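The values are calculated or read from the model by the stated rules, or taken from the named source; none is laboratory data. What you are looking at is a predicted structure, and each value in this text was computed from that prediction instead of being measured. With ideal geometry, Cβ positions are generated from the backbone for all residues, glycine too; neighbour counts draw on all protein chains shown.
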(Lines give C-alpha, C1' and ligand atoms only; values in the text may rest on other atoms or scores of the structure.)
Protein backbone atom coordinates (compact mmCIF):
# COMPACT_ATOMS: atom_id res chain seq x y z
CA UNK A 1 0.00 0.00 0.00
CA UNK A 2 1.33 3.49 -0.75
CA UNK A 3 2.29 5.86 2.03
CA UNK A 4 1.52 9.25 0.50
CA UNK A 5 -1.72 9.73 2.41
CA UNK A 6 -0.45 8.74 5.84
CA UNK A 7 0.07 11.29 8.57
CA UNK A 8 1.31 10.80 12.09
CA UNK A 9 1.67 12.96 15.13
CA UNK A 10 5.36 13.55 15.71
CA UNK A 11 6.94 14.85 18.86
CA UNK A 12 10.46 16.07 19.36
CA UNK A 13 12.54 15.64 22.45
CA UNK A 14 14.08 18.68 24.03
CA UNK A 15 17.37 16.86 24.60
CA UNK A 16 20.36 18.31 22.71
CA UNK A 17 22.14 16.15 20.16
CA UNK A 18 24.98 15.49 22.60
CA UNK A 19 22.65 13.23 24.62
CA UNK A 20 23.66 9.69 25.45
CA UNK A 21 21.14 8.19 23.05
CA UNK A 22 22.37 10.29 20.14
CA UNK A 23 25.99 9.30 20.76
CA UNK A 24 25.36 5.55 20.48
CA UNK A 25 25.73 5.51 16.70
CA UNK A 26 29.47 5.20 16.09
CA UNK A 27 29.64 4.25 12.40
CA UNK A 28 28.19 6.05 9.38
CA UNK A 29 27.94 3.46 6.59
CA UNK A 30 27.10 5.84 3.75
CA UNK A 31 28.78 9.23 3.40
CA UNK A 32 29.81 10.84 0.11
CA UNK A 33 32.94 12.36 1.57
CA UNK A 34 35.65 11.37 -0.86
CA UNK A 35 37.07 14.32 -2.80
CA UNK A 36 36.41 14.15 -6.52
CA UNK A 37 34.39 15.60 -9.35
CA UNK A 38 32.31 12.46 -9.74
CA UNK A 39 29.70 13.11 -6.99
CA UNK A 40 32.11 13.55 -4.09
CA UNK A 41 33.13 16.74 -2.29
CA UNK A 42 34.84 19.51 -4.21
CA UNK A 43 38.13 19.32 -2.26
CA UNK A 44 40.08 17.45 0.41
CA UNK A 45 39.59 20.44 2.72
CA UNK A 46 35.82 20.17 2.29
CA UNK A 47 35.95 16.46 3.16
CA UNK A 48 38.07 17.17 6.24
CA UNK A 49 35.64 19.84 7.42
CA UNK A 50 32.67 17.47 7.18
CA UNK A 51 34.56 14.64 8.87
CA UNK A 52 35.37 16.98 11.78
CA UNK A 53 31.64 17.65 12.12
CA UNK A 54 30.79 13.94 12.09
CA UNK A 55 33.47 13.28 14.67
CA UNK A 56 31.95 15.97 16.91
CA UNK A 57 28.61 14.16 16.62
CA UNK A 58 30.16 10.97 18.01
CA UNK A 59 31.04 9.08 14.85
CA UNK A 60 34.28 7.12 15.05
CA UNK A 61 34.19 5.55 11.61
CA UNK A 62 32.78 6.53 8.21
CA UNK A 63 32.28 4.36 5.16
CA UNK A 64 33.05 6.85 2.39
CA UNK A 65 31.46 6.05 -0.94
CA UNK A 66 31.32 7.26 -4.51
CA UNK A 67 28.83 6.14 -7.15
CA UNK A 68 29.72 3.73 -9.92
CA UNK A 69 27.20 4.03 -12.75
CA UNK A 70 28.05 3.32 -16.36
CA UNK A 71 27.64 6.34 -18.61
CA UNK A 72 27.02 8.73 -15.73
CA UNK A 73 29.43 8.35 -12.81
CA UNK A 74 32.71 7.18 -14.29
CA UNK A 75 34.45 6.40 -11.02
CA UNK A 76 36.66 3.32 -10.92
CA UNK A 77 38.22 1.21 -8.19
CA UNK A 78 41.57 2.89 -8.85
CA UNK A 79 40.21 6.45 -8.81
CA UNK A 80 38.25 5.84 -5.61
CA UNK A 81 41.27 4.33 -3.85
CA UNK A 82 43.38 7.29 -5.00
CA UNK A 83 40.91 9.79 -3.55
CA UNK A 84 40.75 7.84 -0.30
CA UNK A 85 44.53 7.67 -0.02
CA UNK A 86 44.83 11.46 -0.21
CA UNK A 87 42.06 11.94 2.35
CA UNK A 88 43.49 9.41 4.81
CA UNK A 89 46.92 11.00 4.59
CA UNK A 90 45.49 14.41 5.49
CA UNK A 91 43.46 12.95 8.36
CA UNK A 92 46.55 11.32 9.79
CA UNK A 93 48.61 14.47 9.38
CA UNK A 94 45.97 16.58 11.14
CA UNK A 95 45.47 13.90 13.85
CA UNK A 96 41.70 13.78 13.35
CA UNK A 97 40.35 10.79 15.26
CA UNK A 98 37.96 9.26 12.76
CA UNK A 99 38.51 6.16 10.62
CA UNK A 100 37.62 6.13 6.93
CA UNK A 101 36.73 2.90 5.15
CA UNK A 102 36.32 2.99 1.38
CA UNK A 103 33.42 1.53 -0.60
CA UNK A 104 31.30 2.28 -3.64
CA UNK A 105 27.60 2.65 -4.34
CA UNK A 106 26.90 0.53 -7.41
CA UNK A 107 23.95 1.24 -9.69
CA UNK A 108 22.01 -1.88 -10.63
CA UNK A 109 22.12 -2.29 -14.39
CA UNK A 110 23.59 -4.58 -17.03
CA UNK A 111 27.05 -3.08 -16.42
CA UNK A 112 27.02 -4.20 -12.78
CA UNK A 113 26.14 -7.71 -13.93
CA UNK A 114 29.13 -7.65 -16.28
CA UNK A 115 31.39 -6.59 -13.41
CA UNK A 116 30.03 -9.37 -11.20
CA UNK A 117 30.33 -12.06 -13.86
CA UNK A 118 33.87 -10.96 -14.76
CA UNK A 119 35.02 -11.49 -11.17
CA UNK A 120 36.50 -7.99 -11.14
CA UNK A 121 37.46 -6.39 -7.84
CA UNK A 122 34.56 -4.81 -5.97
CA UNK A 123 34.59 -2.05 -3.37
CA UNK A 124 32.78 -3.48 -0.37
CA UNK A 125 32.62 -2.53 3.29
CA UNK A 126 32.83 -4.60 6.46
CA UNK A 127 36.40 -5.74 5.88
CA UNK A 128 36.97 -6.12 9.64
CA UNK A 129 33.93 -8.40 10.09
CA UNK A 130 33.03 -11.92 9.02
CA UNK A 131 30.79 -10.56 6.25
CA UNK A 132 31.51 -8.23 3.34
CA UNK A 133 28.73 -5.91 2.25
CA UNK A 134 28.14 -4.34 -1.16
CA UNK A 135 26.08 -1.16 -1.31
CA UNK A 136 23.84 -0.70 -4.34
CA UNK A 137 21.13 1.66 -5.53
CA UNK A 138 18.52 1.50 -8.26
CA UNK A 139 16.29 3.66 -10.38
CA UNK A 140 13.87 5.71 -8.28
CA UNK A 141 10.80 4.87 -10.33
CA UNK A 142 11.07 1.27 -11.50
CA UNK A 143 12.43 -1.97 -10.11
CA UNK A 144 15.33 -2.91 -12.38
CA UNK A 145 15.06 -6.06 -14.44
CA UNK A 146 18.57 -7.05 -13.36
CA UNK A 147 17.96 -6.83 -9.60
CA UNK A 148 17.30 -10.51 -8.87
CA UNK A 149 20.28 -11.55 -11.01
CA UNK A 150 22.52 -9.05 -9.21
CA UNK A 151 21.43 -10.36 -5.81
CA UNK A 152 22.17 -13.94 -6.84
CA UNK A 153 25.54 -13.03 -8.38
CA UNK A 154 26.58 -11.16 -5.23
CA UNK A 155 25.67 -14.08 -3.00
CA UNK A 156 27.57 -16.47 -5.25
CA UNK A 157 30.62 -14.31 -4.49
CA UNK A 158 29.86 -14.50 -0.74
CA UNK A 159 28.87 -10.84 -0.60
CA UNK A 160 25.87 -9.46 1.27
CA UNK A 161 23.75 -7.11 -0.88
CA UNK A 162 22.79 -3.86 0.87
CA UNK A 163 20.18 -1.63 -0.76
CA UNK A 164 20.95 2.05 -0.25
CA UNK A 165 18.10 4.32 0.93
CA UNK A 166 15.20 2.12 -0.27
CA UNK A 167 12.73 4.47 1.40
CA UNK A 168 13.37 6.94 -1.43
CA UNK A 169 12.40 4.58 -4.25
CA UNK A 170 8.95 5.39 -5.59
CA UNK A 171 8.28 1.80 -6.69
CA UNK A 172 8.82 0.64 -3.08
CA UNK A 173 6.76 3.50 -1.63
CA UNK A 174 3.86 2.28 -3.78
CA UNK A 175 4.32 -1.36 -2.79
CA UNK A 176 6.33 -1.61 0.44
CA UNK A 177 5.43 -5.26 1.03
CA UNK A 178 7.82 -6.21 -1.78
CA UNK A 179 10.60 -5.28 0.62
CA UNK A 180 9.78 -8.41 2.59
CA UNK A 181 10.53 -10.49 -0.51
CA UNK A 182 13.88 -8.74 -0.94
CA UNK A 183 14.63 -9.26 2.75
CA UNK A 184 13.79 -12.97 2.36
CA UNK A 185 16.22 -13.11 -0.58
CA UNK A 186 18.98 -11.91 1.76
CA UNK A 187 19.04 -8.19 0.98
CA UNK A 188 19.80 -5.85 3.86
CA UNK A 189 18.53 -2.27 3.88
CA UNK A 190 20.42 0.96 4.61
CA UNK A 191 18.24 3.86 5.69
CA UNK A 192 19.20 7.51 5.16
CA UNK A 193 18.79 9.35 8.46
CA UNK A 194 17.60 12.50 6.70
CA UNK A 195 14.56 10.60 5.43
CA UNK A 196 13.26 10.65 9.01
CA UNK A 197 13.04 14.44 8.78
CA UNK A 198 11.06 14.33 5.55
CA UNK A 199 13.96 14.72 3.13
CA UNK A 200 13.54 14.28 0.23
CA UNK A 201 9.79 13.71 0.69
CA UNK A 202 6.98 12.88 3.08
CA UNK A 203 6.61 9.53 1.31
CA UNK A 204 10.25 8.70 2.06
CA UNK A 205 9.72 9.54 5.73
CA UNK A 206 6.59 7.39 5.94
CA UNK A 207 8.29 4.39 4.36
CA UNK A 208 11.35 4.90 6.59
CA UNK A 209 9.16 4.80 9.69
CA UNK A 210 7.33 1.71 8.40
CA UNK A 211 10.68 -0.03 7.80
CA UNK A 212 11.75 0.74 11.36
CA UNK A 213 8.43 -0.51 12.74
CA UNK A 214 8.87 -3.73 10.75
CA UNK A 215 12.50 -4.08 11.88
CA UNK A 216 13.74 -4.17 8.29
CA UNK A 217 16.63 -1.70 8.76
CA UNK A 218 20.12 -3.16 9.14
CA UNK A 219 22.20 -0.02 8.58
CA UNK A 220 21.75 3.75 8.69
CA UNK A 221 23.83 6.44 7.05
CA UNK A 222 23.93 10.19 6.67
CA UNK A 223 24.62 10.21 2.89
CA UNK A 224 26.27 13.56 3.65
CA UNK A 225 28.14 15.53 1.00
CA UNK A 226 27.64 19.17 2.07
CA UNK A 227 27.53 21.19 5.30
CA UNK A 228 24.02 22.43 4.50
CA UNK A 229 22.81 18.96 5.51
CA UNK A 230 24.23 19.20 9.02
CA UNK A 231 21.37 21.10 10.71
CA UNK A 232 18.84 18.54 9.47
CA UNK A 233 21.07 15.65 10.56
CA UNK A 234 21.32 17.13 14.05
CA UNK A 235 17.57 17.68 14.19
CA UNK A 236 16.89 14.14 13.03
CA UNK A 237 18.86 12.81 16.00
CA UNK A 238 16.21 14.30 18.30
CA UNK A 239 13.28 12.46 16.71
CA UNK A 240 11.60 9.46 18.35
CA UNK A 241 12.15 7.26 15.30
CA UNK A 242 15.88 7.92 15.48
CA UNK A 243 15.96 6.41 18.96
CA UNK A 244 13.70 3.58 17.80
CA UNK A 245 16.01 2.62 14.94
CA UNK A 246 19.01 2.66 17.31
CA UNK A 247 17.21 0.10 19.45
CA UNK A 248 16.22 -2.12 16.51
CA UNK A 249 19.43 -4.13 16.19
CA UNK A 250 21.47 -2.08 13.72
CA UNK A 251 24.72 -3.53 12.40
CA UNK A 252 26.54 -0.17 12.15
CA UNK A 253 28.58 -0.49 15.30
CA UNK A 254 29.68 -4.05 14.48
CA UNK A 255 31.95 -2.48 11.85
CA UNK A 256 34.29 -0.93 14.42
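Restricting the stretch 154-173 to residues that are touching a helix residue (DSSP H, G or I) at 6+ places or on another chain (Cβ under 9 Å), in contact (Cβ under 8 Å) with a residue 24 or more places away in the chain and assigned to a helix (DSSP H, G or I) leaves a set whose member that is farthest from residue 141 (Cα to Cα) is 154.
Taking the stretch 189-218 on its own, how many of its residues are assigned to a strand (DSSP E or B) and in contact with a helix residue (DSSP H, G or I) (Cβ under 6 Å, 6 or more places away or on another chain)? Residues flagged as assigned to a strand (DSSP E or B) and in contact with a helix residue (DSSP H, G or I) (Cβ under 6 Å, 6 or more places away or on another chain) within the stretch 189-218 amount to 3. Going through the stretch 14-48 one residue at a time, which ones are farther than 17 Å from residue 59 by Cβ, modelled with pLDDT of 85 or more and either touching a helix residue (DSSP H, G or I) at 6+ places or on another chain (Cβ under 8 Å) or part of a loop (DSSP other than H, G, I, E, B) (or both)? Within the stretch 14-48, 35, 42, 43, 44 qualify.
Residue 224 meets the conditions (1) assigned to a helix (DSSP H, G or I); (2) within 17 Å of the chain's Cα centre (by Cα); (3) in contact (Cβ under 8 Å) with a residue 60 or more places away in the chain in every case but one. The failed one is (1).
Identify the residue in the stretch 56-78 that is assigned to a helix (DSSP H, G or I) and surrounded by fewer than 15 Cβ atoms within 10 Å (Cβ to Cβ) and, among all such residues, is modelled with the lowest pLDDT. Result: 78. Taking the stretch 133-172 on its own, how many of its residues are more than 15 Å from the chain's Cα centre (by Cα), surrounded by 15 or more Cβ atoms within 10 Å (Cβ to Cβ) and closer than 24 Å to residue 28 by Cα? Of the residues in the stretch 133-172, 4 are more than 15 Å from the chain's Cα centre (by Cα), surrounded by 15 or more Cβ atoms within 10 Å (Cβ to Cβ) and closer than 24 Å to residue 28 by Cα.
Exactly one residue out of 10, 52 is surrounded by fewer than 17 Cβ atoms within 10 Å (Cβ to Cβ), farther than 24 Å from residue 137 by Cα and either in contact with a helix residue (DSSP H, G or I) (Cβ under 8 Å, 6 or more places away or on another chain) or modelled with pLDDT under 95 (or both), and it is 10.
Checking every residue in the stretch 108-120 against the condition of being touching a helix residue (DSSP H, G or I) at 6+ places or on another chain (Cβ under 6 Å), closer than 16 Å to residue 69 by Cβ and outside any helix (DSSP H, G or I) gives at least one match. Scan the stretch 230-256 for residues that are in a loop (DSSP other than H, G, I, E, B) and touching a residue at least 24 places away in the same chain (Cβ under 8 Å) and report the count. Residues that pass the stated criteria total 8.
Exactly one residue out of 214, 229 is over 16 Å from residue 189 (Cα atoms) and surrounded by fewer than 21 Cβ atoms within 10 Å (Cβ to Cβ): that is 229.
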